[in-house]
Amino acid sequence: MKLTTKNRFNVAMALIAPVALIGLLAASPAIAREPFTKAELADQEKALLAVVDHGRDLWHGTLPSMQTNGLACGNCHPDAAASNPHTFPKFQANLGKVITLRDMINWCIMVPQVGKALDVNGDDMIAMEAYAFYLYRGVKIEPGLATRQTAGFDVKSGAGFPKKGSGVAYDNEKAPVLPVINK
Amino acid sequence: MTDFNKMSRRDFFTVTGKAGLATIAAGAVGVNFGMVQVAEAAVGKSKVSPFRFAILTDAHLFSHADHKFDAMLEKAVADCNKAKPDFVLYCGDIAQNGTADQLDKGKKILSKLTMPLKVIPGEHDWYLDMGAAWRGHFGPQNWSFDHKGVHFIGMNSILVKDFWTGAGMTPLERMGVMEMLESPLAGPWGVQAEQLDWLKKDVKKLASDTPIVVFTHSPLWDYYPRWNFQTSDAPEIREILSKFVRVMSFHGHVHQTVYNKIGNMGSVGTMSTSWPWPYPPVKQAYPEHQQLRADPGNFEDGMGSQLIDLESDFAGKMLYKPFAESLTPTMKNGFKI
C-alpha cells in the first residue's frame with residue numbers, strides 16, 4: 001500500500017494512541033497502583049514465611065512419603081547447607097546433565113532417602129524451594145574450590161521451635177574468629 | 001573377642017596390664033600404611049611404647065532392618081580388624097533416635113571388633129531416656145585409662161540444661177529437639193561441673209610430661225556453635241589440661257575431617273560412617289585439612305574410619321581411612337597432630 005500523508009498520520013496515531021492512553025492512566029492518581037503499603041508488605045512477608053516454615057518442616061522429615069529409611073533432607077543439609085539452590089539450573093555431575101533445583105530435590109528424595117518424589121509443581125515442592133532460597137538470600141554464586149561448601153543464614157522461623165533465635169547461634173556475620181596458633 | 005563392653009574400668013586396667021592387649025598388639029607388627037614418619041622433640045621423660053589405636057564414630061543406626069548405615073559400620077569394623085590397632089575408641093552417636101534396639105544393633109556390630117572398645121555417648125544416644133539404655137550397654141559416661149605410657153580420657157560432652165521439663169515435653173519430643181542439628185532450642189552443650197571436677201581429680205597426680213589423649217563427642221574449641229560444633233566448657237577443660245606439655249583431642253559429631261591447634265592441644269575431627277556434614281560458614285585455621293566435597297551419588301563418599309599411630313616421643317600421626325577418595329594431599333599419607 002502506498003502511504004499518503006493522511007495515511008501516515010492515521011498509522012502514527014494508531015501506534016501512539018494506546019501508549020498515550022497508558023501514560024494518561026499512569027499519571028492519574030485515581031487509577032494508578034500505589035507502592036505497597038507497610039501492611040501489604042507485612043502480609044506478603046507473612047505469606048512467604050508460612051510457606052518457608054512448611055518447607056522447613058518438610059526438610060526435616062514431617063512428610064513420611066519422602067523417605068523409607070528414616071533420612072530427611074536436613075540430615076545432609078542442616079540450614080540447607082551445601083544445597084546451593086541459587087546455582088540451579090546447573091550441570092549436576094552425578095547425573096551427567098543440567099537439571100533444576102526441583103529435579104535435584106526429587107533425586108535426593110528418591111535415591112538417598114528412597115522415598116516418593118514430590119509433584120514437581122505442587123505446594124510441597126514450592127515450600128521446599130522457598131525454604132532453601134530463603135536461607136540463601138544474598139549469597140553470591142562463587143564456584144570456588146572443590147572443598148568449599150556454603151551454608152545458609154540464621155533460621156528465623158519454624159514450626160515447633162522459637163521464632164526468635166536463642167542467642168547462642170552465630171550467623172555468617174557473627175561467625176567466631178578462630179585463633180591461628182603456631183601457623 | 002574380649003567383651004570389652006561388659007568390662008569395668010578396673011577390668012580394663014587389668015587387661016592392659018597383663019597379656020591381653022599386648023598379645024593383640026603383637027599382630028600389628030609389620031602393618032604399614034605408608035605413613036610419613038615425622039620427627040618430633042621428645043616430651044619430657046615420659047616415653048611411649050609405640051602403638052596404634054583406631055577411632056570409629058557417628059554410625060547413626062536406624063531401627064530399619066538392613067539399613068545402609070548398618071553396612072557402613074560393618075565395613076568400618078572390618079577395616080579396623082585388618083589394621084589391628086591395640087584398641088578402638090568410639091566417639092558417640094551409635095544410634096539415631098536413642099532407642100534400645102538401635103543401641104543393641106550397634107553393640108552387636110561393634111562386638112565383631114577383634115580388639116577392645118571404649119565408648120563415649122553422643123546426643124543421639126542419650127536424650128530419649130537420658131542415657132539409661134546407653135549406660136546399660138556401654139558403661140560409665142566418662143572414664144580414663146593408661147596404655148603404654150599414654151593417659152586416655154573420655155567424657156560426655158553433650159549435656160545441656162533442662163529445656164524440656166518447663167515446656168512439658170515428652171521424652172520423644174526432647175529427643176526430636178536434640179536430633180535436629182540446627183535446632184536453637186537446646187542451646188550449647190558441655191561436660192558440666194561434675195565431670196570437670198572428675199577431670200581435675202583424674203589428672204591431679206599426673207606429671208606434666210604425661211602424654212594425654214582426650215575424647216569427646218564435640219570439639220573442645222569454638223568451631224560453629226549453631227550446630228553445637230563446640231563444647232561450652234572447653235575453656236575450662238583446656239585450662240585443666242594446660243599443665244601438660246602436649247594434649248591430643250579427638251572428637252566426633254562434625255562428620256568431617258577438621259584440624260585445629262589451640263595452645264598445647266591439637267584437635268582432630270573424625271569421619272562418620274553415616275553421612276558427611278557440610279563445612280559450616282566459618283573460616284578455618286587449617287583449611288587444607290578439609291575433605292573433598294562428597295559425591296551425592298556415592299553413598300560411601302565422605303565417610304570412613306581413622307587410625308592413629310603414636311611414636312615413642314608422643315608424635316601422633318593421623319591417618320583418615322575414607323571409604324572413597326576424599327582426602328586432600330595434606331591428609332592423604334597421614335599428618336602430624
key: Total residues in segment B:46-91, condition under 30 Å from residue B:206 (Cβ atoms), in contact with a strand residue (DSSP E or B) (Cβ under 8 Å, 6 or more places away or on another chain) and assigned to a loop (DSSP other than H, G, I, E, B)   = 8
inquiry  = Residue under question is residue B:242, and the condition is that it be in contact (Cβ under 8 Å) with a residue 40 or more places away in the chain, over 16 Å from residue B:55 (Cα atoms), among the hydroxyl-bearing types (Ser, Thr, Tyr) and surrounded by fewer than 23 Cβ atoms within 10 Å (Cβ to Cβ); does it hold?
reply    = no
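Results for (1) facing chain A (nearest Cβ under 10 Å); (2) crowded, with 20+ Cβ neighbours inside 10 Å; (3) under 19 Å from residue B:120 (Cβ atoms), shown as yes or no for each residue.
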site	(1), (2), (3)
B:274	yes, yes, yes
B:280	yes, yes, no
B:307	no, yes, yes
B:314	no, yes, no
B:325	no, no, no
B:332	no, no, no
B:336	no, no, no
ask   = If residue B:229 satisfies every condition in (1) out of contact with any Ser or Thr (no Cβ under 9 Å at 6 or more places or on another chain); (2) within 12 Å of chain A (Cβ to nearest Cβ) but one, which is the exception?
value = (1)
message = Between a residue in segment B:118-131 that is under 15 Å from residue B:60 (Cβ atoms) and outside any loop (DSSP other than H, G, I, E, B) and any residue that is modelled with pLDDT of 95 or more and acidic (Asp, Glu), which pairs come within a Cβ distance under 6 Å, given they are 6 or more apart or on different chains?
response = B:124/B:93
message = I need the full set of residues from segment A:98-114 which are away from chain B (no Cβ under 13 Å) and either touching a residue at least 40 places away in the same chain (Cβ under 8 Å) or surrounded by fewer than 13 Cβ atoms within 10 Å (Cβ to Cβ) (or both), in order please.
response = A:98
message = Looking at residue B:273 and the list (1) at pLDDT below 90; (2) within 26 Å of residue B:125 (Cα to Cα), which single condition is not satisfied?
response = (1)
task = Hey, can you tell me all the residues within segment B:203-221 that are touching a helix residue (DSSP H, G or I) at 6+ places or on another chain (Cβ under 9 Å), outside any loop (DSSP other than H, G, I, E, B) and over 30 Å from residue B:283 (Cα atoms)?
result = B:203
message = So, residue B:74, is that one touching a residue at least 24 places away in the same chain (Cβ under 8 Å), surrounded by fewer than 20 Cβ atoms within 10 Å (Cβ to Cβ), charged (D, E, K, R) and under 19 Å from residue B:270 (Cα atoms) or not?
response = yes
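The values are calculated or read from the model by the stated rules, or taken from the named source; none is laboratory data. On a predicted model such as this, the values are computed, not experimentally measured, just so you know. Neighbour counts run over all protein chains shown; Cβ positions are idealised from the backbone, glycine included.
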